[in-house]
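The values are calculated or read from the model by the stated rules, or taken from the named source; none is laboratory data. The structure displayed is predicted, hence computed values, not measured ones. Reconstructed Cβ throughout: ideal geometry from the backbone, glycine too, with neighbour counts over all protein chains shown. Keep in mind that these areas ignore ligands, DNA and RNA; they rest on the heavy atoms of the full protein, side chains included. Shrake-Rupley method; radii C 1.70, N 1.55, O 1.52, S 1.80 Å.
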Amino acid sequence: MPLHVLTVFTSAFLLFLVQPVLAKQVLPWFGGGALVWTICMVFFQLVLLLGYAYAHALARLRDGRRQAVIHGVLLAASLAFLPMIPSTAWKPVGGANPVAGILALLFATVGLPYFLLASTSPLVQAWFARERPGESPYRLFALSNLASMLALLGYPFAIEPALTNREQSWTWSAGYALFVACAAALAWRSRASPPITAAGAGQDAAPTPRRWGLWLTLSALGSATLLAVTNHVTQNISSIPLLWVFPLAVYLLTFILCFDGRDWYRPGLYVASLAWTLAVMAWFLADRRLQFELVWQVIVFLVGLYFVCMFCHGELARRRPGPRHLTRFYLGISLGGVIGGVLVGLVAPVVLPGYLELDIALVAAALLAVGLNLRRPWPAVASLGAIAAFVCGAVAWHVYTFAQDTLHMERNYYGVLRVKEGQTDPADPQTRYRSLVHGAILHGEQYLGERYRHAATTYYQVSSGIGRTLLAFEGRPIKVGIIGLGAGSLAVYADGDDTYRFYDINPAVVRISKTYFTYLADASGQIDIVLGDARLSLEREPPQGFDVLAIDAFTGDAIPVHLLTVEAVGEYLRHMKPGGVIAFHVSNRFLDLKPVLLAIADYHHLEYAYVHEMADDATKSDWVLLTRDRTFLLKPTIVEATEPVAPEPSWRLWTDDYNNLLQVFRW
């Protein structure tokens, strides 16, 4: 019926559009990493559960008029949350728990509207079953997932490139007002419909505890695999909506196919495909040579996610109850989703030393596939068992190699840090070195022998852009700011009368740099460390009078975009001396950030130079230098390393309210 369709479609579209719209706005406040996406997903799953519980309780009321009044009052109250723009009062201070802050911000900004959007699909399906006895309401569930997928895929390709953050929020708010009108009208129209039992829906049996347990298990496994795959593809790529929404779109697609009512899920075919896909995914985890094969990584794990979710959601669809227990079924699915989300988003960063939740999910999927197919002919069961054994073996090998040559491993909500040791020349003990790795990206390296211990290495060698910049100030005391501590490598340049001020959001980085590396302890100059997001810290501080400010936060590929906007550079300039230099480290496998910086430099009337270095040890570093002092860029040591670079005049200027990472992606 048109009003049912319009209400379900609008609610589902807004439900999943709010995720990238709101998450992108709060991303800069919490370090710009994949953590924000994961915690947002946990929040949305939790509120989805509350919405489903509310729909279940409301649908059980036999008085349709009371249902309409309760729902109408909540719909009217939710309008007070508009427009959906997060308050700047929620910006964190240094050292604050990011999880608690993100969850509190989301509840305050969009809690009640999201709660009502989440309750709409099961509630409207219950009303539909009351009005149209004998017709299946589950196709409305498939419609809601289709609308959600359209919202997710439309965001990075149509909405984000066209609208600023504020325009996105106002557009979403206008759409929500339309939804409130539709939902209120439908609730009032449904008030006179008879209960389902009186409409001839039948007295189908209530779900047993075993059936409940299987609902929870299948739903939790699908949710956990979704978040685990999302972590896998975003931890070392950029935390951009494009890479965040694709796994979620695959997840929703499987719901659409499984609940469309056309029997897309064929158990025999999909279980066999699942088994072989799990084997390929496990192989990609175990073989370290495939680690940086971006295209293949994305393809393999998105295809693998599809088959895992088709298996989970197909088995759920086969076990769905009749309309009388519809809201209870959705409540079970939602509860399982929350369990999976909490395990990956909240428990795993505290319990697991590395990104091992995907390994666990693959093993769980393999074992569950075997367990649910034990009644098949023994050759099929034996084949499934053999593949499950291979998956377990490959995962064990991945865990072993992940920890190989690792002196220390630590994980928190900002990612996985490993301190590794090696030796470049087995015959020379002076070449033994220690490196800091964040995910799969090198964040600093130091030789342990006295001969090379004080040498600048990797991206920070004397021939690099930052090395040439710092050495150009040699002979006079300078003050240097560095955004991104890493192993503390840049402290090697600090002389006795220099001050080096490091900014880092991750307390584990500070602890590891002091414990396993000696750059900070060996520095003869003054070393200061500020814990917290660098942009927010600089906003709160008086002008620092930096001679050099190095922004070294982009090599990990999950870049904090808020450090790369017109307003950010304006804030940096407030802290610079008149002849100071801002050095951006833009070495990046997947993103070309140079045109963005050149456009910002033109906006602020700054001179710029692009310094590219390919060192003898094959380390590549790219630095973009911005300054008001043109004579600095004409120094021979700078000129000899400068390469020509041109801006992109057709690109829109990046601001705190607008950015488009698709533009800079290295396709």
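Would you mind working out the accessible area per residue for the stretch 390-511, using a 1.4 Å probe, and quoting it in Å²?
Dividing the accessible area of the stretch 390-511 by its residue count gives 39 Å².
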Seminar exercise, completed: Relative contact order as a percentage, the stretch 300-405, C-alpha pairs under 8 Å and 6+ apart, gives 20 percent
For this session: Under 1.5 on a/c is rounded, so check that first for the stretch 1-96, then, if it is not, pick prolate when a/b is larger than b/c and oblate when it is not; a ≥ b ≥ c are the square roots of the alpha carbon gyration tensor eigenvalues.
Result: prolate
Exercise. Using the alpha-carbon centroid of each, what span in Å lies between the stretch 155-177 and the stretch 335-379?
Worked result: 35 Å
For this session: Classify the stretch 510-667 as rounded, prolate or oblate from the Cα gyration tensor: take a ≥ b ≥ c as the square roots of its eigenvalues, call it rounded if a/c is under 1.5, otherwise prolate when a/b beats b/c and oblate if not.
Result: rounded
Exercise. Do any GluC sites (Glu not before Pro) in the stretch 420-501 lie in a loop, going by DSSP, with at most 11 other beta-carbon atoms within 10 Å of their beta carbon, and if so which?
Worked result: E450, E474
Exercise. In the stretch 431-513, what % of DSSP beta bridges are antiparallel (nearest 5)?
Worked result: 50 percent
Exercise. Which whole-number percent gives the relative contact order of the chain, counting Cα pairs below 8 Å spaced six or more residues apart?
Worked result: 14 percent
For this session: Could you please state how large a percent of the accessible area of the stretch 100-167 is carbon and sulfur, counting protein chains only and using a 1.4 Å probe?
Result: 67 percent
Problem set entry | FRET efficiency for D602 and E541, using Cβ-Cβ distance with R0 set to 25 Å, rounded to 0.05 | 0.40
Problem set entry | For the chain, calculated [θ]222 nm from helices alone, where every DSSP H run of n ≥ 4 adds -39500 (n - 2.57) | -17000 deg cm²/dmol
Problem set entry | Where labels lie 7 Å past Cα in the beta-carbon direction, separation of R319 and D497 in nm | 7.5 nm
Problem set entry | Accessible area of T401 in the full protein assembly, 1.4 Å probe (Å², nearest 10) | 10 Å²
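Taking the Cβ of G465 as the center, what net charge do the other residues with Cβ under 13 Å away carry, scoring Lys and Arg +1 and Asp and Glu -1?
For residues surrounding G465, the net value is -1.
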Exercise. To the nearest 0.05, how large is the calculated FRET efficiency for A521 and V295 if R₀ is 35 Å and r is the Cβ-Cβ distance?
Worked result: 0.25
Exercise. Hey, what's the stretch 512-667 come to in accessible area per residue, 1.4 Å probe, Å²?
Worked result: 40 Å²
Problem set entry | Euclidean distance of C-alpha centroids, the stretch 492-527 and the stretch 560-626, integer Å | 22 Å
For this session: Give the cross-link partners of K594 among the lysines, using a straight C-alpha distance below 16 Å as the criterion and excluding same-chain residues fewer than 8 apart.
Result: K620
For this session: Ignoring everything but the protein chains, give the 1.4 Å probe accessible area of I85 in square angstrom, nearest 10.
Result: 50 Å²
Exercise. What full-extension length gain, to one decimal in nm, is calculated for T406 and D428 as 0.36 nm per residue of separation minus the Cα-Cα distance?
Worked result: 5.9 nm
Exercise. Residues with beta-carbon under 12 Å from that of P349, excluding P349: net charge, scoring Lys, Arg +1 and Asp, Glu -1?
Worked result: -1
Exercise. Considering only protein heavy atoms and a 1.4 Å probe, what is the carbon-and-sulfur percentage of the accessible area of the stretch 388-485?
Worked result: 55 percent
Exercise. Label E640 and K620 with points 7 Å out from Cα along Cα→Cβ: what is the distance between them in nm?
Worked result: 2.4 nm
Exercise. Which of the DSSP-defined H helices in the chain satisfy a minimum axial length of 30 Å, computed from C-alpha atoms, and a minimum mean Kyte-Doolittle hydropathy of -1.0?
Worked result: 2-26, 35-59, 98-131, 165-189, 209-234, 294-318, 378-402
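Which of the three applies to the stretch 280-354, rounded, prolate or oblate, going by the alpha-carbon gyration tensor with a ≥ b ≥ c and a/c under 1.5 meaning rounded?
It comes out oblate by the Cα gyration axes.
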For this session: Give me the accessible area of F141, 1.4 Å probe, in Å² rounded to the nearest 10.
Result: 10 Å²
For this session: First measure r as the distance between the Cβ atoms of L448 and E474, then evaluate 1/(1 + (r/R0)^6) with R0 = 22 Å and state the FRET efficiency to the nearest 0.05.
Result: 0.25
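Within the stretch 255-308, list the trypsin sites (Lys or Arg not before Pro) lying in a DSSP loop whose Cβ has at most 10 other Cβ atoms in a 10 Å radius.
R262
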